[in-house]
Amino acid sequence: MGDLLRMALRNAARNTRRSALTALTILLGTTLLIIGLSWLDGLLGGLIDNIAATAGEVRVIKPEYEAREELFPLYENIAEVAPVVKAIEDAGFAAHPLIRVGVTISRGEEIGEHFGLLLGADRAYYERVMDLDAHLVDGAFFTPGEESSQVLLGKTLASDLGASVGDELLFLGQTQDGSISPIKGVLVGVVDAGDALSNRQAYASLERLQYLTDIPDGAIEVAVHIGDPDRAREVAATLRESPALKPYLVQAWSERPMFAMLSDMTGLVYGVLAGSIVFITALGVLNTMLMSVLERTAEVGVLRALGMGRLSVVFLFVVEALGIGALGAVPGVALGALVAYYLELNGVEMGEKISADVSLPMSTTFHADLSVEVALVSLALGLCMAALGALLPSIRAAGIQPVDAMRSHR
Amino acid sequence: MSILSLQNVVKRYPMGQNEVLALKGVSLTVESGELLAFAGPSGSGKTTLLNIVGCLDQASEGEVILDGQRVQGLSAAALGLLRAEKVGFVFQSFNLIPVLSALENVELALRLGGQPPDRARAEQALVDVGLADQLHRRPNQLSGGQQQRVAIARALVKAPKLVIADEPTANLDSVNGAAVLDLMRKLNEERGATFLFSTHDNLVLSRVNRVVRLRDGEIVADERVSR
């Protein structure tokens, strides 16, 4: 094994220009991989963070609500929300009852033409979870004790409405039994919540929404914040054991069909991206290794004549490619990590339009998310590119009959 | 005692739609310790015969027995084992592994021959061919004659029953060619290994003790020469 390894590594240094080109191919492939995978992780991670910020890592709803969720079926509500909140808080987690309802919005008395979402939540939710008080672009946050007459608007919605701080806004929604129901509120602040969906929403107190929807003691859902998306399933399982929550559906974010599908899609894109880069890079390696095999046909023939087995021939070429691969993959990971780290720190501003038609809380700035896992996966895939590219040529080499190799040399 | 026996060996090669008959029923017995040369013009079948005898190729028909073992019908893997164990090769173009030193080339042959690593034995093989001071040089740092000596050491280090040398002097000048042949003759006498050459070089023919002449795939003469 030692002498085979030595031969393989020395072979890698035999044609330095060709080996350098192959290493460069792998370097580029690995760099692209780590940037691409970090980018995808950042997109999904950002989305999960935003979901956690708006709907909680875990949520509690009425089971029937989920099937018609897109229609905001207000009648499928948690009529008595206090025992649900208490059960969650007893388990050690923060709970925030929420009501989200579709409304038309107008300034003054006239019925408006602007449709939007109006969210009702407690002050703590806006402050600690959505962090809206830190994202004001105009005006002020809710005045303590006067929340029931005040509203905040996301900056996109405010701009669409042409609303300014101090304007009185009319929200026309409906009660849980379908009756038209209006509320008014004074616009006290405009916020940039960081994602396009949140910037198209209006924010009011929970009590105001309970009044609007005629759900006096209830909510549509209760958002549970645990601070770690990865623990969501475990926490959801714990909460399901609570007797007060038995009648309800306790869902981790990853269990919600839309996000499970999104996660699957991200996995698919992850696979296609990684697979494509590995495949294309492996083709470059294959070309180089094929040249090496053709050049060394006689040499392989001699080794076979001396008694070298086919597997050893495969090993010889694959290890040679892995040696070159390591020369490319290690600096490739380093270079890619630098770029990914820059993208993680600074992000790329994509503007509101990128997520204007998506009903997901997508950030308007896309950040990469560099992790040790992504770096290790990229390094491993970089080596895979080399091994994969060398496999066919080395199998071809292993098939060389000593007598054919001898003949080719004469 | 015979080391090699061939009975009616035929070798056909496909060539496009046609077939080329490279060997036409060759029968031959080689005794252990012989120094034998296959002589003949290009295309006479010398190399084909050496390839079959050296287990690099299989005969289309006939029987080949090497050191008491029937070669016909063996799998490629079994042929490889037989070759590694019993046959040493010296090639016309030396065919040393360029990334290995002289010593490493010889050690590799030992290992591929199924024997345990033995640096002292590999060194001794190179000392025996007069390369004691060239152990760590790579092939490109050696002259043609020195490379062929390494090839001889590589062939002999595993103490094979049969050494096959395909035109061993073709790429050497007459002085180096004579030196290499004298070395092989000496090793033949000292160790009793059987040497089979293919050649049309008179230098080789003048140093062997048996010449088998081939023409168009047939043996036309089998002459024993006493030296």
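Rule-based calculations on the coordinates, nothing more; no lab input. The structure presented is a predicted model; accordingly, all values stated were derived computationally and were not measured. Using ideal geometry, Cβ is built from the backbone for each residue, glycine included, and neighbour counts are taken over all protein chains shown.
Observations on the structure shown:
- Taking a sphere under 12 Å around the Cβ of B:Pro160 and counting the other residues whose Cβ falls inside, with K and R at +1 and D and E at -1, yields a net charge of +4.
- Segment B:Asp216..B:Ala120, full-extension length gain: 30.0 nm, with 0.36 nm per residue of separation and the alpha-carbon distance subtracted.
- Between A:Gly120, A:Gly189, A:Gly307, the residue with the greatest mean-square fluctuation in the GNM of chain A (Cα pairs under 10 Å linked by springs) is A:Gly307.
- Taking the centroid of alpha carbons for each part, the range B:130-167 and the range A:196-265 are 79 Å apart.
- Over all other residues within a Cβ to Cβ distance under 14 Å of A:Met291, the charged ones net out to +2, with Lys and Arg as +1 and Asp and Glu as -1.
- Note on chain A: with a GNM built from Cα contacts shorter than 10 Å, the maximum mean-square fluctuation among A:Val129, A:Val372, A:Val235 falls on A:Val372.
- Amide H partners (placed H, <5 Å) of A:Ala368, local residues excluded: A:Glu344, A:Gly347
- Dipole-positive endmost among A:Gly162, B:Ala193, B:Leu156 within the protein assembly as shown (Cβ charges, Cα centre): B:Ala193
- Taking 0.36 nm per residue of separation and subtracting the current Cα-Cα distance, fully stretching the chain between A:Ala67 and A:Leu268 would add 69.8 nm.
- Cα-based helix-to-principal-axis angle, B:76-86 vs chain B, degrees rounded to 10: 60
- Near the amide H of B:Phe89, within less than 5 Å, lie the amide hydrogens of B:Ile164, all on another chain or at least 5 residues away, with H placed in the peptide plane.
- Additional length obtainable on full extension of the chain from A:Asp192 to A:Glu146, 0.36 nm per residue less Cα span: 14.4 nm
- Dividing the summed -39500 (n - 2.57) terms of all DSSP H runs of n ≥ 4 by the residue count of chain A sets its mean residue ellipticity at 222 nm at -17500 deg cm²/dmol.
- Rounded if a/c under 1.5, otherwise prolate or oblate - the range A:58-225, Cα gyration tensor axes: oblate
- Karplus-derived 3J(HN,Hα), 6.51/-1.76/1.60, for each residue of the range B:136-151, Hz, glycine and proline x: 9, 8, 7, x, 6, 9, 10, 6, x, x, 5, 4, 5, 5, 4, 4
- Between A:Met261 and A:Tyr75, the C-beta separation translates, for a Förster distance of 30 Å, into a calculated FRET efficiency of about 0.70.
- Positive end of the dipole of chain A (Cβ unit charges, origin at the Cα centre): among A:Ala368, A:Trp253, A:Val302, the Cα lying farthest that way belongs to A:Val302.
- Percent RCO, i.e. relative contact order, over chain A, from Cα pairs under 8 Å lying at least 6 residues apart: 28
- C-alpha long axis of helix A:372-398 to longest principal axis of chain A, angle in °: 30
- The 3J(HN,Hα) values that the Karplus relation (6.51, -1.76, 1.60; θ = phi - 60°) gives for the range B:90-95 are, in residue order, 10, 9, 4, 9, 6, 6 Hz. Gly and Pro appear as x.
- In nm, spacing of pseudo-spin labels at A:Arg14 and A:Asn287 (7 Å Cα→C-beta vector): 2.1
- Taking Cα atoms only, the orientation of helix A:257-295 departs from the longest principal axis of chain A by about 20 degrees.
- For the range A:293-323 and the range A:84-158, distance of Cα centres in Å: 70
- Amide H contacts under 5 Å for A:Glu221: A:Leu98, restricted to partners 5 or more places along the chain or on a different chain, H placed in the peptide plane at 1.01 Å from N.
- Per-residue Karplus couplings for the range A:147-163, computed as 6.51 cos²θ - 1.76 cosθ + 1.60 with θ equal to phi - 60°, are listed in order as 4, 5, 10, 10, 9, 10, 10, x, 5, 5, 5, 4, 5, 4, 7, x, 7 Hz, Gly and Pro entered as x.
- Other residues within the sphere of radius under 10 Å centred on the Cβ of B:Arg12, judged by their own Cβ, net out at 0 (K and R +1, D and E -1).
- Diffusion coefficient, µm² s⁻¹, Stokes-Einstein with Kirkwood Rh over alpha-carbon pairs of chain A at 25 °C and 0.890 mPa s: 98
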